[in-house]
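The values are calculated or read from the model by the stated rules, or taken from the named source; none is laboratory data. Quantities reported herein were computed from a predicted structural model and do not represent experimental measurements. Heads up, the Cβs are rebuilt from the backbone with ideal geometry, glycines too, and the neighbour counts pull from every protein chain shown. Just so you know, the surface numbers come from the protein's heavy atoms only, side chains and all, with ligands and any DNA or RNA stripped out. Shrake-Rupley method; radii C 1.70, N 1.55, O 1.52, S 1.80 Å.
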Amino acid sequence: MAPAVGPGWSSFAVIGNRACTQEQRGDEEAVVCYDAATGREVWAHMDRTKFDEPMGGVGPRATPTVVDDKVYAFGPKEI
């Protein structure tokens with residue numbers, strides 16, 4: 001069984017059979033790519049940061065976008 005997506009307000013950017021999103025995993029924010037057919041994680045990029053606000057809760061607020069073969073995402077940490 002595939003793991004559940006973590007907290008956040010991100011939607012999915014779907015490209016072919018891949019679905020990319022952002023989610024919170026403990027103290028790390030993740031940009032994650034899943035296989036759309038199986039739900040299995042293909043890859044993940046982690047940044048040690050956590051966005052949390054009283055009204056909306058924990059997790060990223062942006063949806064990744066894909067241009068050509070690159071995934072772009074905004075998070076709360078400047079890197």
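First compute the accessible area of the chain with a 1.4 Å probe, then give the percent of it belonging to carbon and sulfur atoms. Before the final figure, lay out each step's value.
Working: 2890 of 5310 Å².
Heavy-atom surface of the chain belonging to carbon and sulfur, 1.4 Å probe: 54 percent.
Please give, to one decimal in nm, the separation of the simple spin-label points placed at Trp9 and His45, each 7 Å out from Cα toward the Cβ.
A separation of 2.2 nm, rounded to one decimal place.
In Å², what does the accessible area per residue of the range 1-42 work out to with a 1.4 Å probe?
56
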